[in-house]
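Worksheet: one structure, shown below.
The values are calculated or read from the model by the stated rules, or taken from the named source; none is laboratory data. Note that the coordinates shown come from a computational prediction; the quantities given were computed from them, not determined experimentally. Every residue, glycine among them, receives a Cβ derived from its backbone with ideal geometry; neighbour counts consider all protein chains shown.
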Amino acid sequence: MLGSIGAAAAPAASTLDGFVRGLTQPPRHDGGAPLPNGVRRWHGAQNAAWAHWRITGGSKLFLAFLEDAASQGLGYADLGRLAELGPRASRCATAVRPLLESPGPWTRVQAAHAWWRITGDTDAAVPVLLEALEPLKSGDADEPCRAAVRYIARIGAPALAAAPLLEATLSSDRCFPWDVYPAARAALLAFGGG
């Protein structure tokens, strides 16, 4: 919540900084992975690092946290945050790239989005997102598929190969989840259609 508030939550920045660095811990925390100095990091440190960035506008603490996490392997929750940072997270790109081939479709889709936002490389990201659209052919749209439609809309023209499937989805008499329709329309508009 503090991160969503932004600069108006500035009085909380130093507290969040302490949580991220493991210098202080909130009451009733459950520990977490030990830090090099033996202190156990609070399980919400990633959220605190993100909130600190959103409040202060300075990404140094958040990037340091994510780079540390990337050295230990990224989870899907980290990928959305890396995507938010975009090119500023370039030092984490090598940890993101292998996740494009993850066995889990959600992780693959999130990794494709993060990869594109960090590197600008659509050649690796778009095929992963197009593959995630496959459920649309059978009238389904699971969460990875719906996220892929949203990300394809953001990427625009480099994902033009999705246009026929998205047009068929919009003209289908099947009932897809509500969020498929605006995302598919936005993608087609981004492709220059409508």
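One table, with the values for the structure above:
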| item | result |
| --- | --- |
| Condition met for residue 109 (within 13 Å of the chain's Cα centre (by Cα) and in the same structural domain as residue 164 (by TED's automatic domain parsing)) | yes |
| Residue match in the stretch 150-171 (condition: closer than 30 Å to residue 67 by Cβ and not in a helix (DSSP H, G or I)) | yes |
| Residue count, the stretch 158-173 (criterion: at pLDDT below 95 and in contact with a helix residue (DSSP H, G or I) (Cβ under 9 Å, 6 or more places away or on another chain)) | 1 |
| Any chance residue 51 is at pLDDT 90 or above, farther than 28 Å from residue 131 by Cα and not hydroxyl-bearing (Ser, Thr, Tyr) | yes |
| Checking residue 80 against (1) closer than 14 Å to residue 63 by Cα; (2) more than 12 Å from the chain's Cα centre (by Cα), the condition it does not meet | (2) |
| Single match in 96, 128 (criterion: β-branched (Val, Ile, Thr), more than 17 Å from residue 147 (Cα to Cα), in contact (Cβ under 8 Å) with a residue 12 or more places away in the chain and assigned to a helix (DSSP H, G or I)) | 96 |
| Yes/no for residue 160 being more than 23 Å from residue 100 (Cα to Cα), surrounded by fewer than 21 Cβ atoms within 10 Å (Cβ to Cβ), touching a Phe, Trp or Tyr at 6+ places or on another chain (Cβ under 7 Å) and of a type outside the set (Ser, Thr, Tyr) | no |
| Residue among 32, 38 that alone is at pLDDT below 85 and either surrounded by 15 or more Cβ atoms within 10 Å (Cβ to Cβ) or among the aromatic types (Phe, Trp, Tyr) (or both) | 32 |
| Residue within the stretch 122-143 that is buried (at least 22 other Cβ atoms within 10 Å of the Cβ), more than 20 Å from residue 66 (Cβ to Cβ) and among the β-branched types (Val, Ile, Thr) present | yes |
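Results for (1) part of a helix (DSSP H, G or I); (2) not assigned by TED's automatic domain parsing to the domain that holds residue 1, shown as yes or no for each residue.
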residue	(1), (2)
54	yes, no
58	no, no
63	yes, no
66	yes, no
78	yes, yes
86	yes, yes
116	yes, yes
